[in-house]
């Protein structure tokens, strides 16, 4: 009777070990070796059950059978303990991976924030320092009495005025690109529309926007990263894709911000992303800093598609 009870415990332990190992299959990403181990645990559990049935059907047991049964109980106990600690190891590894991802995201976020602060500082110095100097030069040149100078000098003055005007406009553009004031003041939708309108004016590129944020504002880090990503993607399209149309969708859905970008350009092979030097690794770093996900699809002569999902 006592040996039967021990074998029942053995069967329960063996099936317990099997269920623990099979629950870890997803964490091993369906590794063949782990699936094989799980099957082995199941077969051993079946073997223990078979031994129990044999003992129950044959009440008379000899010494050899008794020893074998106790060895089976010990093996089952050891396998259950081993499977239990294996699960603990997987849990610990999962926590370590989670902490590693969080630390990576924090480091990337700190780098991006520092980069944006430096951009803002440089943009302010450029706008507030060089801008007034050029404006003063323009006022001084404009104050020259053209009636007392020769025709040649008058042309030089006109060209100087135009050059100063171009320089002032260029500084404003550079300052805005470094630190988009519209983004800070009016939000993501307005900043994206203003940026794409500028691109449409300068380049032969049709941009179709679908922005469904309803004027909602987000954390500045989120807004500036989305703005930079869209700018990087459009720049990539202009430089590499030979596209005539770009579609951009941005919407807030189920506490997630989703960006979908596509163009009808020449595309590229995904495996050759690094060799293309298209800045996608920089975009991926920005997405990771916000613990987001990025999907890319592209083939030669079949355009480019990218989807980014950011948790809010």
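Read-outs: derived from the displayed coordinates by stated rules, not from any lab. Computed from a predicted model, the values in this text were never measured in an experiment. FYI the Cβ positions are ideal-geometry reconstructions off the backbone, even for glycines, and counts take in every protein chain you see.
Some notes on this structure:
- Kirkwood-based Rg to Rh ratio, region 188-306, C-alpha trace: 0.94
- Computing FRET efficiency as 1/(1 + (r/R0)^6) for residue 247 and residue 56, where r is the C-beta to C-beta distance and R0 is 45 Å, gives about 0.05.
- Fraction of beta bridges assigned by DSSP in region 180-312 that are antiparallel (%, nearest 5): 75 percent
- GNM on the chain, alpha-carbon springs under 10 angstrom: the most fluctuating residue among 12, 257, 183 is 12.
- C-alpha long axis of helix 63-125 to longest principal axis of the chain, angle in °: 10 degrees
- Highest-MSF residue in the chain out of 121, 193, 159 [GNM, Cα springs under 10 Å]: 159
- Beta bridges from DSSP with both residues in the chain: antiparallel share about 75 percent, rounded to the nearest 5.
- Taking the longest Cα principal axis of the chain as reference, the axis of helix 2-23 is set at about 20 degrees.
- Compared with the dominant Cα axis of the chain, that is its longest principal axis, helix 131-142 is turned about 20°.
- From its DSSP helices (H runs of at least four residues, each -39,500 (n - 2.57)), the chain gives a residue-normalised ellipticity at 222 nm of -22500 deg cm²/dmol.
- Computed FRET value (nearest 0.05) for residue 239 with residue 113, which takes r as the C-beta separation and R₀ as 41 Å: 0.90
- Candidates 221, 204, 236: whichever shows maximal mean-square fluctuation once the chain is modelled as a Gaussian network with Cα springs under 10 Å: 204
- Computed extension length for residue 137-residue 201: 20.1 nm, one decimal, from 0.36 nm per residue of separation with the Cα-Cα distance subtracted.
- Computed from the C-alpha gyration tensor, the three semi-axes of the ellipsoid equivalent to the chain are 72, 20, 15 Å, from longest to shortest.
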